[in-house]
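Chemist: One structure, pasted below without further comment.
The values are calculated or read from the model by the stated rules, or taken from the named source; none is laboratory data. Just so it is clear, the structure is predicted and the values come from calculations on it, not from any experiment. When we count neighbours, we look across all protein chains shown, and the Cβ atoms used for this are built from the backbone with ideal geometry, even at glycine.
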Amino acid sequence: MTANLPLERTCVKGNKALDRFSHRGHGGVPMIGFSRFLSRLSVSLFAAMIFTGAITSSASAQDRRQNAPGEFDFYVLSLSWSPSYCEAASERGSTGRGTQTQCGGRPYSFVVHGLWPQYDRGFPNYCERPAPRLDHRIMKSMLDLMPAPGLIYNEWDKHGTCSGLSARAYFETVRKARAAVKIPPEYLDMTDTKTVTPADVEDAFIKANPGLSNTAVAVTCDSRRLGEVRICMNKDLQFRACEEIDRRACRRNEIVMPPMRGG
């Protein structure tokens, strides 16, 4: 900064010139205010660098393989309590084809919502755009487990394309995953409304499935009803812990399980 003062003046005036320069800037602007401006600018730039670095770090933890088919850590098998879905759909006045198919005469209990590839943090979705067309025959073959055609098509587009498998192989894996989980007997023929705690439901699944622990299963809910039971599995369909799924579990003290239709 001192290079902007005449050299001879700096030498002759000595400390007096330096003292004057420390209080005045170019054009007579007070240097105290200018120093404060530089200080604030430095703080702002530093904060921006930290913020940008945090975003980059967070993104890079996932984006290195984000939505790359077959590149994931584990599956979540999501089992939906069908009576809750149908009761909520009735309250909303939903009469779509999917609702009619699932909520018609057959008394479903737990049905497969989906088999979802997951990262340890986050998850992929829609890994191929447009998704390869799902053969109608494959869709029909899954209606016993997933009783809504629209659901099956959506699950393929959103999650199946991230598995790295063909459509046929993916839905075969869905069937194998479902077969690996035994539904607790008390939930197979429920004719009366049941009030439970999320822990009750988890414990029932743990008791019915040797090797399943409370770190590998999570219960979801809406404002009052049981929603889903989500079970974490590795790619070989063995139970495994999944902290992030558990953190998103239902935290209500009690939830309701509506009875199966016909009950």
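Chemist: Which number in (1) touching a residue at least 12 places away in the same chain (Cβ under 8 Å); (2) small (Gly, Ala, Ser); (3) in a loop (DSSP other than H, G, I, E, B); (4) out of contact with any Pro (no Cβ under 8 Å at 6 or more places or on another chain) marks the one condition that Ala218 misses?
Modeler: For Ala218, the exception is condition (3).
Chemist: Let me ask you something else. Closer than 27 Å to Ser166 by Cβ and surrounded by 15 or more Cβ atoms within 10 Å (Cβ to Cβ) - does that describe any residue in the stretch 88-96? So that I can check it myself, show each step before the final result.
Modeler: Step one: list which residues in the stretch 88-96 are closer than 27 Å to Ser166 by Cβ, which gives none.
The answer is no, given that none of the residues of the stretch 88-96 is closer than 27 Å to Ser166 by Cβ and surrounded by 15 or more Cβ atoms within 10 Å (Cβ to Cβ).
Chemist: Show the residue pairs that are 6+ apart or on different chains and have beta-carbon atoms under 6 Å apart, the first residue being within the stretch 155-177 and among the hydroxyl-bearing types (Ser, Thr, Tyr), the second being part of a loop (DSSP other than H, G, I, E, B).
Modeler: Listed pairs, sorted by first residue: Thr161/Cys127; Thr161/Glu128; Thr161/Ala131; Tyr170/Ser163.
Chemist: Within the group Lys182, Lys158, which residue is out of contact with any Asp or Glu (no Cβ under 9 Å at 6 or more places or on another chain) and either closer than 26 Å to Ser213 by Cβ or at pLDDT below 95 (or both)? Spell out how you get there, then give the answer.
Modeler: Details: Lys158 fails: either closer than 26 Å to Ser213 by Cβ or at pLDDT below 95 (or both).
From the options Lys182, Lys158, the qualifying one is Lys182.
Chemist: Please find, within the stretch 181-210, the residue that is surrounded by the fewest Cβ atoms within 10 Å (Cβ to Cβ) out of those that are hydroxyl-bearing (Ser, Thr, Tyr) and outside any loop (DSSP other than H, G, I, E, B). Working first, answer last.
Modeler: Taking the stretch 181-210 first, the residues hydroxyl-bearing (Ser, Thr, Tyr) are 187, 191, 193, 195, 197.
Now drop any that are not outside any loop (DSSP other than H, G, I, E, B), which leaves 187, 195.
On the way: Tyr187: 21, Thr195: 10.
Checking each candidate, the answer is Thr195.
Here's the yes/no breakdown for (1) closer than 17 Å to Leu77 by Cβ; (2) of a type outside the set (S, T, N, Q); (3) in a strand (DSSP E or B):
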residue: Asn154; (1), (2), (3): yes, no, no
residue: Leu212; (1), (2), (3): yes, yes, no
residue: Ser223; (1), (2), (3): no, no, no
residue: Val229; (1), (2), (3): yes, yes, yes
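Chemist: A further question on this structure: Looking only at residues that are at pLDDT 95 or above, in contact with a Lys or Arg (Cβ under 9 Å, 6 or more places away or on another chain) and part of a loop (DSSP other than H, G, I, E, B) in the stretch 235-256, which one is surrounded by the fewest Cβ atoms within 10 Å (Cβ to Cβ)?
Modeler: Here the residue is Glu254.
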